[in-house]
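Worksheet: one structure, shown below.
Coordinate-derived values only; no laboratory data. Everything quoted here is computed from the prediction, not taken from an experiment. Please note: Cβ atoms are built from the backbone with ideal geometry, for glycine as well, and neighbour counts cover all protein chains shown.
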Amino acid sequence: MSTVSTTVSVSGMTCGHCISSVSEEIESLAGVEGVDVDLNAGGISTVTITSSEELSPAEIGEAVAEAGYLVVANDA
């Protein structure tokens, strides 16, 4: 079984708590195996999601919004 890697850019993240919040929401999506955040405090952070299936940009956006942040670009 192959994995799918999806990268999104998220604005508004500034600290470890932000990473934790976003990671927790994304990890709750079906099929997500891992979340890696490259924090750019006060700027645009890069979030890479590893999953067992393709995730829709809408469900990723909703998960990030639930954590209180905004997806500004989606390379999925």
Check your understanding: Points 7 angstrom from Cα along the Cβ direction at THR14 and ASP36: gap in nanometres?
Key -> 2.7
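Given the rule -39500 (n - 2.57) for each run of at least 4 DSSP H residues, summed and divided by the residues of the chain, what is its mean residue ellipticity at 222 nm, to the nearest 500 deg cm²/dmol? Write down the numbers at each step before the final one.
Numbers: 2 runs with 22 residues, N = 76.
It comes out at -9000 deg cm²/dmol, rounded to the nearest 500.
Which value, in Å³ per residue, describes the convex hull spanned by the Cα atoms of region 29-76? Can you show the working numbers first?
Numbers: hull volume 3.6 nm³, N = 48.
Spelled out: Cα convex hull of region 29-76, divided by residues, is 75 Å³.
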**Study point:** Using θ = phi - 60° and Karplus 6.51 cos²θ - 1.76 cosθ + 1.60, couplings along region 15-27 (whole Hz; Gly, Pro as x)
**Key:** 7, x, 5, 4, 4, 4, 4, 5, 4, 4, 5, 5, 5
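Between SER56 and THR7, 0.36 nm times their residue separation minus their Cα-Cα distance comes to what?
Numbers: separation 49, 0.36 × 49 = 17.64 nm, distance 1.18 nm.
Length difference between fully extended and current span is 16.5 nm.
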Exercise for review: Please give the contour-minus-distance gain from ILE44 to GLU24: 0.36 nm per residue of separation, less the Cα-Cα distance, rounded to one decimal in nm.
Suggested key: 5.3 nm
